[in-house]
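Below is one structure; the comments refer to it alone.
Every read-out reported here was derived from the displayed coordinates using simple, explicitly stated rules and does not represent laboratory data. Not measured: the values here are computed from a predicted model. Cβ placement follows ideal geometry from the backbone for every residue including glycine, while neighbour counts extend to all protein chains displayed.
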Amino acid sequence: MTSSPLLHLPGAVAAEGRDEGVAAHYGELYGEQRALADGRGFVDLSHRGVVTVTGQDRLAWLHLLITQHVTELPPGQATEALILSANGHIEHQLHLVDDGETTWAHVEPGTQGELIAYLESMKFFYRVEVADSTADFAVVHLPAGSIAETDKEHVVRETPYGRDVFLPRGALEAFAADHGPAAGLLAYEALRVEAHRPRLGLETDHRTIPHEIGLIGTAVHLQKGCYRGQETVARVHNLGKPPRRLVFLHLDGSEVLLPGHGTPVRLAADGEDGRQLGFITTAVRHHELGPIALALVKRNVPVDAPLLAGTTPAAQEVVVAP
């Protein structure tokens, strides 16, 4: 893992675990959140993998492999897609944009190698080239509402939540100087949880299907087939309900520690020894809402039932309908 040069910025505290290599914060957690919420500053996402696909068949070829409809994807239009297992379980989450010549994707840190190996195995006779561009390009995030200008040569992926900019890795420090203040991953994650946006490896496990975490219609296009796992997607959408559902939790603010990833979720009425009904996926401290979290719970958990996240009382809001 290559550490970002922005870890040398004043106050930078390095993130750990899956986000190692960039800053968790720069000394002002809530201030950094407020800046992002106000459309100011940027987030260093240079630890994420960058995968590029070139060649005249790239969109038609990707269309056959991913859950999104991309055969006619216009240059500059952002989209999101998944790669599923044969049983419909989520294996990869791709944040995509095409610039007219190259399709760019940023993915979870460290997952690009496995993704590229799969894509290479599916090339067949298609005129495409797949590359791991992580060593050459970095991703930075400008929040929604930002009026900051970007270099016209940089590829930009614009979404309702802000702009993801692919820039040469050597330009990171110059970008930071022009687009500060820097905000860390903790601030970025707090706004992600507030927006109910799932993240691969946190809101997913080895058996997660797209319906459980609200990705039908955003990362999964229901009017296309021809991709691995499509049968499961169609069957659950047309004939059934997913076994679990993503929920948003307001956590008791009197607790000192946040429940970690994987913390059991139970009905409050059953107490700490009750049957586990789910688990915390991401818990954060929000500058306005206080401690909040996302969790995966069984579909039949009553939507108005008070819950316990470990020992922390929690009230739920529906993200995915039961």
**Prompt:** K298: which lysines have alpha carbons under 22 Å from its alpha carbon, excluding same-chain residues fewer than 8 sequence positions away?
**Reply:** K241
**Rough spin-label spacing in nm, given labels placed 7 Å along Cα→Cβ, for Y30 and R207** = 4.1
**Prompt:** How big is Rg to Rh over region 90-169, alpha-carbon atoms, Rh as the Kirkwood inverse-mean-distance radius?
**Reply:** 0.99
**Asked** Quick one: Kirkwood hydrodynamic radius for region 90-136, alpha-carbon pairs, angstrom, one decimal?
**Response** 11.7
**Asked** Label 7 Å along Cα→Cβ of Y126; region 218-246 residues with amide nitrogen under 14 Å?
**Response** 225-228
**Complete:** Stretched fully, the stretch from V256 through Y161 gains (0.36 nm per residue minus C-alpha distance, one decimal, in nm) 31.2 nm
**Asked** Which whole-angstrom value gives the distance between the alpha carbon centres of region 258-300 and region 169-205?
**Response** 23
**Complete:** The local net charge around E317, scoring Lys/Arg +1 and Asp/Glu -1 for residues other than E317 whose Cβ lies under 14 Å from its Cβ, equals -1
**Asked** Please report, for the Cα atoms of the chain, the Rg to one decimal and the Dmax as a whole number; what are they, in angstrom?
**Response** 19.9, 60
**Asked** For the chain, modelled as a GNM with alpha-carbon contacts under 10 angstrom, which of E91, E189, E288 fluctuates the most?
**Response** E288
**Request:** Could you go through region 135-143 in sequence order and give the Karplus-derived ³J(HN,Hα) for each residue, using 6.51 cos²θ - 1.76 cosθ + 1.60 with θ = phi - 60°, rounded to whole Hz, and x for Gly and Pro?
**Result:** 5, 9, 10, 10, 9, 10, 10, 9, x
**Item:** Potential extension, A144-E72 segment - 0.36 nm per residue separation minus Cα distance
**Value:** 23.3 nm
**Message:** Run the paramagnetic zone check for L64: 7 angstrom along Cα to Cβ, then residues of region 208-228 with backbone nitrogen under 16 Å.
**Reply:** 225-228
**Asked** What nm distance separates the two modelled labels at D136 and N87, each placed 7 Å from Cα along Cα→Cβ?
**Response** 3.9
